[in-house]
1. Select from region 1-41 the residues that are out of contact with any Pro (no Cβ under 9 Å at 6 or more places or on another chain) and among the polar types (S, T, N, Q) and write down the one among them that is modelled with the lowest pLDDT.
2. Is at least one residue of region 42-60 modelled with pLDDT under 90, hydrophobic (A, V, I, L, M, F, W, C), assigned to a strand (DSSP E or B) and surrounded by fewer than 16 Cβ atoms within 10 Å (Cβ to Cβ)?
3. Mind checking which residues of region 12-24 are aliphatic (A, V, I, L, M) and crowded, with 18+ Cβ neighbours inside 10 Å?
Amino acid sequence: MRIRRGEVLATGREALYDAGRGTVVLQGDPKVWRGNDVVAGERITLFLAEDRSVVEGARAVIYPQGQGAGEGR
């Protein structure tokens, strides 16, 4: 599953959309990229109307602005 909203790309093997709450819960190796920064975890909840996410069991790689590992997505 791939979700793109603006500069944010989110992926996971499973996605559960809750229209009432305006959320998408990603599981199964979920990851979220914003530019070159990436965060992964056990479960990621995207709050669509608020442009924010909650990551459970987080692992992150964040680069200073203007630097990064390059585009590979």
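1. ASN36
2. Within region 42-60 (the criterion being modelled with pLDDT under 90, hydrophobic (A, V, I, L, M, F, W, C), assigned to a strand (DSSP E or B) and surrounded by fewer than 16 Cβ atoms within 10 Å (Cβ to Cβ)), the answer is yes, since at least one residue qualifies.
3. Of region 12-24, the ones aliphatic (A, V, I, L, M) are 15-16, 19, 24.
Selection gives ALA15, VAL24.
The values are calculated or read from the model by the stated rules, or taken from the named source; none is laboratory data. Just so you know, these numbers come straight off a predicted model, no measurement behind them. No Cβ is skipped: glycine too gets one built from the backbone with ideal geometry, and neighbour counts run over all protein chains shown.
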